[in-house]
Amino acid sequence: MDGSSLAIGGRIGFKGRMSSFLEDCYEVSYAVKQKQYTIKDLEALVKAYNACVNKNGLHSADAIEQRAEQLRIEKAAKTKISKTLEQKLADFSTLLEYSDKVPNKTDVTAMFNDVSGKLRRNEDLPNYLVKGLKEAVKKDPELIKLLEDILKK
């Protein structure tokens, strides 16, 4: 019923089963856990796994867990933002809350939350979102200045 008896299970539980099955190659296993490979990407997944095993050989369970932890730490370090940027985001949020020059604060706050979330996750900011936020706060010079500073990263 859950696909576990099949050579390659169905969509439900694919990520967990495949990452467990491929765990002797931790980079590929971690990529599966991070949804970089789906059931549609099976051919690419097999090629990546085979290349990994050919390059690194098979690993013990302890080595796999250590490498997986190292990859988690590296990813967390990449997504961390500086304290100054975090402070600027907090300052912007506070200024926005008390600004009387910004109409429709609910929508502007939602846009800003989306921008700050993307910055925290180290994702690219869509141009439409940046332009929309700049347009929304254009009547408040303090917010414009702080937003420009935030967007410089």
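Read-outs throughout are calculated quantities, based only on the coordinates presented, and are distinct from any laboratory measurement. Because the structure is a prediction, the values reported are computed rather than measured. As a convention, Cβ positions derive from the backbone with ideal geometry for all residues, glycine included, and neighbour counts pool all protein chains shown.
Rounded to the nearest 0.05, what FRET efficiency is calculated for Asp149 and Asn113 with R0 set to 22 Å and r the Cβ-Cβ distance?
Details: r = 18 Å, r/R0 = 0.82.
Rounded to the nearest 0.05, the efficiency is 0.75.
Phe21 to Glu43: extension gain in nm, 0.36 nm per residue of separation minus the Cα-Cα distance?
Numbers: separation 22, 0.36 × 22 = 7.92 nm, distance 1.55 nm.
Residue separation times 0.36 nm, minus the Cα-Cα distance, leaves 6.4 nm.
Full extension from Leu129 to Asn50: what is 0.36 nm times the residue separation minus their Cα-Cα distance, to one decimal in nm?
On the way: separation 79, 0.36 × 79 = 28.44 nm, distance 4.08 nm.
Separation in residues times 0.36 nm, less the Cα-Cα distance, equals 24.4 nm.
Given a cut-off of 26 Å, name the pairs among Lys88/Lys134; Lys88/Lys131; Lys15/Lys152; Lys88/Lys118 whose C-alpha atoms lie farther apart than that in the structure shown.
Checking Cα-Cα distances, Lys15/Lys152 exceed 26 Å.
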